[in-house]
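The values are calculated or read from the model by the stated rules, or taken from the named source; none is laboratory data. What you see is a predicted model; the values in this text were computed from it and never measured. When we count neighbours, we look across all protein chains shown, and the Cβ atoms used for this are built from the backbone with ideal geometry, even at glycine.
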């Protein structure tokens, strides 16, 4: 299973990174530990996507994010063009959520 989170970045089940936020002032404060990360995990057996609890913070952090999830399959969410409509739209406020196709 492959999925996309906001935009065209595709993640496969074996290559799921953390979503990182490096938008801090002044620039490069992330080098001093001023940043946040959001772990994401795909469970193939359960067919669930877990967006974990946000770790870290910085001044001006976007507290709530809209995640547009596309579960990629044959003929859906792949190819050159964008998928017109995401499969799920969820509001993420920093607490762990689990999303199913």
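Among the residues making up the stretch 26-55, a single one is at positive phi and either modelled with pLDDT of 85 or more or touching a helix residue (DSSP H, G or I) at 6+ places or on another chain (Cβ under 7 Å) (or both): 47. Kindly provide the set of residues from the stretch 64-79 that are surrounded by 10 or more Cβ atoms within 10 Å (Cβ to Cβ), at negative phi and assigned to a loop (DSSP other than H, G, I, E, B), ordered by number. Of everything in the stretch 64-79, just one residue is surrounded by 10 or more Cβ atoms within 10 Å (Cβ to Cβ), at negative phi and assigned to a loop (DSSP other than H, G, I, E, B), namely 78. When only residues in the stretch 47-63 that are free of Cβ contacts under 8 Å to residues at least 40 places away in the same chain and part of a loop (DSSP other than H, G, I, E, B) count, which is nearest to residue 101 (Cα to Cα)? Checking each candidate, the answer is 63.
When residues in the stretch 56-94 are screened for being at pLDDT 80 or above and under 19 Å from residue 42 (Cβ atoms), 13 of them pass. What are the residues in the stretch 83-94 that are touching a strand residue (DSSP E or B) at 6+ places or on another chain (Cβ under 9 Å) and either part of a loop (DSSP other than H, G, I, E, B) or exposed (fewer than 13 other Cβ atoms within 10 Å of the Cβ) (or both), if any? Correct list: 83, 85, 86, 87, 89, 91, 93, 94.
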